[in-house]
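Down below is the structure, laid out as structure tokens.
The values are calculated or read from the model by the stated rules, or taken from the named source; none is laboratory data. The model shown is predicted, which means the values in this text are computed figures rather than measured ones. With ideal geometry, Cβ positions are generated from the backbone for all residues, glycine too; neighbour counts draw on all protein chains shown. With ligands, DNA and RNA removed, areas are computed over all heavy atoms of the protein, side chains included. Shrake-Rupley method; radii C 1.70, N 1.55, O 1.52, S 1.80 Å.
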Amino acid sequence: MIGRALGCLPAKVLPRQPSLTGLRMMARRAPAVLDRSGIDPGALLFGNDTLGDCTAAGLLNHMRAVAALGGWQVRADTDDAIRFYAESTGYRPGQPATDQGGVEVDVLAYAARIGVQLESGDYFPLWGSAAPQDRNALALVMAGMGAVYLGVQLAQSDMNQIEATNGACVLEPDNHAYGDPTPGSAGGHCLLGWSYTGLADTDTLDLLTWGATQKATWAWLKSRIMEAHGILWPQLTLASGLYPTGADLDALRVQNTEFLNHDPQRPAG
């Protein structure tokens with residue numbers, strides 16, 4: 001059994017926060033099925049067994065998932081994740097009291113402004129938010145941007161069920177047999193939506209978390225979700241055209257530039 005820590009703080013909205021609403025790609029109907037069973041997304045634990053660094057782990061795993069779709073991989077390790085967690089949240093290694101988790105939009109803003117530093121270079125994401133209850137939008141982000149970066153409110157029953165089965169279960173909203181099913185009764189968590197068998201409540205998603213793939217129904221996600229974001233890594237853009245291009249890419253760049261120019265956390269000078 002592996003340890004499973006949480007660490008996603010309550011969702012918030014920043015001034016001029018980039019949004020995916022209005023992009024042409026978001027007006028399409030999502031694929032009925034997104035089958036990636038033949039692709040290993042390369043999800044790693046990144047220290048999220050003992051630290052509440054899920055926001056950092058999710059970001060690095062997003063990079064790895066996108067790279068996997070292109071047939072290669074981004075090298076990153078636990079030290080990279082912990083360093084970014086410390087930089088983006090104020091955590092101080094060796095001081096457990098500072099392990100307070102992170103706010104997803106703050107972490108994304110930091111990554112866009114300062115970058116994610118890896119051995120292979122510094123990576124600067126473009127990002128935008130989607131309506132968390134818009135299932136078609138979430139599916140479009142998975143299909144078009146590699147994975148969707150999610151913030152969820154986990155129930156104690158979710159944690160108990162995952163622990164009892166070592167993750168070999170399908171999470172459903174009413175899993176009260178394992179304890180309190182109240183969303184948030186265990187805490188907040190950052191994870192990735194990777195693929196899905198369909199778009200009905202009873203269809204299942206593959207979620208990347210704690211270095212593995214966890215299955216859950218769409219109904220479960222509807223009950224637990226608090227935020228959703230699409231992320232583009234310009235340095236990982238695939239020739240196959242995975243990412244939005246043209247007007248959509250230009251619009252997202254403009255939004256991100258305006259956001260950073262008005263970001264109150266941006267260093268002066």
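Ignoring everything except DSSP H segments at least 4 long, calculate the 222 nm mean residue ellipticity for the chain; use -39,500 (n - 2.57) per segment, divide by total residues, nearest 500.
Working: 7 runs with 83 residues, N = 269.
Value at 222 nm, helices only, nearest 500: -9500 deg cm²/dmol.
Counting Lys and Arg as +1 and Asp and Glu as -1, each charge on the Cβ, what is the dipole of the chain about the Cα centre in debye, to the nearest 20?
Details: 18 positive and 27 negative charges, 120 e Å.
Magnitude of the dipole: close to 580 debye.
How much length is gained on full extension from V13 to R253, taking 0.36 nm per residue of separation minus their Cα-Cα distance? Don't jump to the answer; show the numbers that get you there.
On the way: separation 240, 0.36 × 240 = 86.40 nm, distance 1.87 nm.
Extending this stretch completely gives an extra 84.5 nm.
Looking at the chain, which Cys residues are left with no other cysteine's beta carbon under 4.7 Å from theirs?
Taking the Cβ cut-off of 4.7 Å, the unpaired cysteines of the chain are C169.
If you place +1 on the Cβ of every Lys and Arg, -1 on the Cβ of every Asp and Glu, and leave all else neutral, what size is the dipole of segment 18-131 about its Cα centre, to the nearest 20 Debye?
Working: 9 positive and 13 negative charges, 126 e Å.
I would put it at about 600 debye.
If you take every DSSP beta bridge whose two residues both sit in the chain, what share of them, in percent to the nearest 5, is antiparallel? Walk me through the intermediate numbers first.
Working: 31 of 35 bridges.
Within the chain, antiparallel bridges account for around 90 percent of the total.
For the residue pair S185 and E119, what label-to-label distance in nm results when each label sits 7 Å from Cα along the Cα-to-beta-carbon direction?
4.4
State in Å² the accessible area per residue of segment 16-90; use a 1.4 Å probe, count heavy atoms of protein chains only, and round to the nearest integer. Write out the running numbers ahead of the final one.
Working: 3340 Å² over 75 residues.
Normalised by residue count, the accessible surface of segment 16-90 is 45 Å².
Do you know the relative contact order of segment 123-215, to the nearest whole percent, from alpha carbon pairs under 8 angstrom that are 6+ apart? All intermediate terms of the calculation are to be shown ahead of the outcome.
Working: 136 pairs, mean separation 25.4, N = 93.
Across segment 123-215, relative contact order equals 27 percent.
Within the chain, what whole-number % of the accessible surface is contributed by carbon and sulfur, with the 1.4 Å probe and all protein chains included in the calculation?
On the way: 5860 of 11260 Å².
Ligands and nucleic acids excluded, carbon and sulfur reach 52 percent.
Tabulate in residue order the Karplus-calculated ³J(HN,Hα) for segment 9-18, using 6.51 cos²θ - 1.76 cosθ + 1.60 with θ = phi - 60°, rounded to whole Hz; enter x for Gly and Pro.
These are the phi-based 3J(HN,Hα) values: 7, x, 5, 9, 10, 8, x, 6, 4, x Hz.
Mean separation of Cα pairs under 8 Å and 6+ residues apart, divided by the residue count of segment 137-269: what relative contact order is that in percent?
Working: 210 pairs, mean separation 36.9, N = 133.
This gives 28 percent for segment 137-269.
Counting only other residues whose beta carbon sits under 11 Å from that of A30, what net charge do I get with K and R as +1, D and E as -1? Write down the numbers at each step before the final one.
Details: positive: R28, R29, R135; negative: D134.
So the surrounding residues net to +2.
If R0 is 35 Å, what FRET efficiency do you get for R75 and Q95 from their C-beta distance, rounded to 0.05?
Given R0 = 35 Å and the Cβ-Cβ separation, E is 0.80.
Considering only G101, A27, I82, whose Cα is most displaced toward the positive end of the charge dipole of segment 1-120, charges sitting on Cβ of Lys, Arg (+1) and Asp, Glu (-1)?
The residue sitting farthest along the positive end of the dipole is A27.
Could you rank the peptides 23-33, 138-148, 219-229, 184-194 by their average count of other C-beta atoms within 10 Å per residue, with the highest value first? Intermediate results must be reported in sequence, preceding the final value.
Values: 23-33: 14.9, 138-148: 25.2, 219-229: 21.4, 184-194: 23.1.
Put in order of decreasing packing, that is 138-148, 184-194, 219-229, 23-33.
From the list [x] 21.3; [y] 19.5; [z] 18.5, can you say which value of Kirkwood radius over Cα pairs in Å was derived from the structure given?
[z]
Tell me, in nm to one decimal, what length is gained between T202 and H176 on full extension, where the rule is 0.36 nm per residue of separation less the Cα-Cα distance?
Values: separation 26, 0.36 × 26 = 9.36 nm, distance 1.71 nm.
Length difference between fully extended and current span is 7.6 nm.
Quick check on packing: order 125-132, 209-216, 53-60, 172-179 by the mean number of other C-beta atoms within 10 Å, highest mean leading. Let's see the in-between values first.
Working: 125-132: 22.4, 209-216: 20.4, 53-60: 30.2, 172-179: 15.6.
Put in order of decreasing packing, that is 53-60, 125-132, 209-216, 172-179.
Identify, among L51, N261, V116, the residue whose Cα sits farthest towards the positive end of the charge dipole of the chain, taking +1 on the Cβ of Lys and Arg and -1 on the Cβ of Asp and Glu, with the dipole about the Cα centre.
So the residue we want is N261.
Determine the dipole magnitude for segment 73-127: charges of +1 sit on the beta-carbon of Lys and Arg, -1 on that of Asp and Glu, nothing else is charged, the reference point is the Cα centre, and the result goes in debye to the nearest 20. Don't jump to the answer; show the numbers that get you there.
On the way: 4 positive and 9 negative charges, 19 e Å.
With Lys and Arg at +1 and Asp and Glu at -1, about 100 debye.
For Q156, what is the net charge nearby, where nearby means another residue's Cβ is under 11 Å from its Cβ and Lys, Arg count +1, Asp, Glu -1?
-3
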